[in-house]
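What follows is one structure encoded as structure tokens, with my remarks underneath.
The values are calculated or read from the model by the stated rules, or taken from the named source; none is laboratory data. It should be emphasised that the depicted structure is a prediction, and the values quoted were computed from it without experimental measurement. Glycine also receives a Cβ, built like all others from the backbone with ideal geometry; neighbour counts cover every protein chain displayed. Surface accessibility is based on the protein's heavy atoms, side chains included, excluding ligands, DNA and RNA. Shrake-Rupley method; radii C 1.70, N 1.55, O 1.52, S 1.80 Å.
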Amino acid sequence: MTTPSSMDPSDAAARESAASNSASLMGSRPLGIFDSGVGGLTVARAIIDQLPNESILYVGDTANGPYGPLPIAEVRANALGVMDELVDSGVKLLTIACNSASAAVLRDARERYTAKYGIPVIEVIQPAVRRAVAATRSGRVGVIGTSATVGSRAYEDTFAAAPDLAITSVACPAFVSYVEAGITTGPELLAVAEEYLAPLKAAGVDTVVLGCTHYPLLTGVISFVMGDAVTLVSSAEETAKDVYRALANHNLQRTTAAPPEHHFIATGDAAQFETLARRFLGPEVLSVKHVDHVAAQYPTGSLARITPEMIEAAQQAGTRFGGAGQRVSNFVGGLRAGGPAQ
């Protein structure tokens with residue numbers, strides 16, 4: 001039997017060195033962030049501000065977005081398809097910067113990527129709820145989101161841990177279209193906002209959760225309609241804090257001295273996305289690369305394209321998605337070869 005005192009010091013040193021090199025290799029990988037469009041850039045902005053040494057790989061699934069009006073099964077399939085490619089591209093952490101996708105796919109994602117590959121998955125709903133619970137004074141909280149998010153009741157389920165709160169949820173589907181079009185002010189938008197937010201004003205809420213990552217870009221008009229006494233809660237800052245915690249807890253911080261690299265990808269019109277991305281994120285967006293629905297390029301890969309029918313069948317059978325094996329991803333050319341770290 002080997003005891004600590006009988007171990008060869010050189011073996012112990014070699015193991016420590018290998019562990020250190022492995023942690024350094026993992027830490028050098030980028031953070032994967034995705035949304036159905038540009039809204040998730042509010043989360044990317046907060047992550048870049050709080051973790052300036054980290055590289056990010058951002059995907060806007062604009063070919064299939066916005067996700068809000070889509071059926072939950074379709075949102076789940078699209079989101080898992082994008083995350084499959086992010087994982088196969090070598091990211092060390094996934095951030096679901098989309099409330100609709102967080103509501104639809106969080107449990108599947110943590111089973112598929114965290115349980116299988118040890119990749120942390122951060123979403124935007126729980127951080128916003130924590131902040132809202134701390135911020136409210138009256139216990140009356142409003143939630144605005146897409147039809148998919150509000151219909152999923154994901155926020156109500158999360159708020160259930162604080163039973164003394166009164167939650168009023170309102171779907172504001174047109175807000176995403178205005179943001180995607182680059183419209184964040186004007187009389188037409190103001191009229192829409194007044195109509196959407198009327199139930200929250202009637203309920204007397206003192207805190208409003210912006211339950212879509214597009215909505216922080218509309219804080220001006222929302223604050224104007226709701227009044228200065230109402231606190232607006234954006235999940236972006238709180239989500240970035242959760243990313244920081246996950247990197248620290250898993251020893252995944254990037255320690256490389258070289259400047260970080262940020263890659264931005266759109267599955268739809270790259271030029272349109274680039275214009276909006278530079279407006280909402282800033283100079284970090286050097287260029288945007290267009291790809292088709294990249295998961296379809298690897299129909300026999302380790303993480304094959306997921307369809308709503310596959311999800312339904314797996315749920316009925318009580319099974320998990322997942323597969324072993326490795327492949328080369330060209331999601332970002334030359335980023336890495338091989339599958340996720342085992």
Scan of the stretch 61-82 for residues that are closer than 18 Å to residue 273 by Cα and assigned to a helix (DSSP H, G or I), ordered by number: 82
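Yes/no per residue for (1) hydrophobic (A, V, I, L, M, F, W, C); (2) open to solvent by 50 Å² or more (accessible area, probe 1.4 Å); (3) closer than 19 Å to residue 135 by Cα:
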| residue | (1), (2), (3) |
| --- | --- |
| 148 | yes, no, no |
| 154 | yes, no, no |
| 157 | no, yes, yes |
| 189 | yes, no, no |
| 192 | yes, no, no |
| 196 | no, no, no |
| 199 | no, yes, no |
| 217 | yes, no, no |
| 223 | no, no, yes |
Looking only at residues in the stretch 172-184 that are of a type outside the set (Phe, Trp, Tyr) and without any contact (Cβ under 8 Å) to a residue 60 or more places away in the chain, which one is surrounded by the fewest Cβ atoms within 10 Å (Cβ to Cβ)? 181
Confirm whether residue 193 is assigned to a helix (DSSP H, G or I) and either under 30 Å from residue 56 (Cβ atoms) or of a type in the set (S, T, N, Q) (or both). no
Quick one: is residue 257 open to solvent by 40 Å² or more (accessible area, probe 1.4 Å) and either of a type in the set (Phe, Trp, Tyr) or touching a His at 6+ places or on another chain (Cβ under 9 Å) (or both)? no
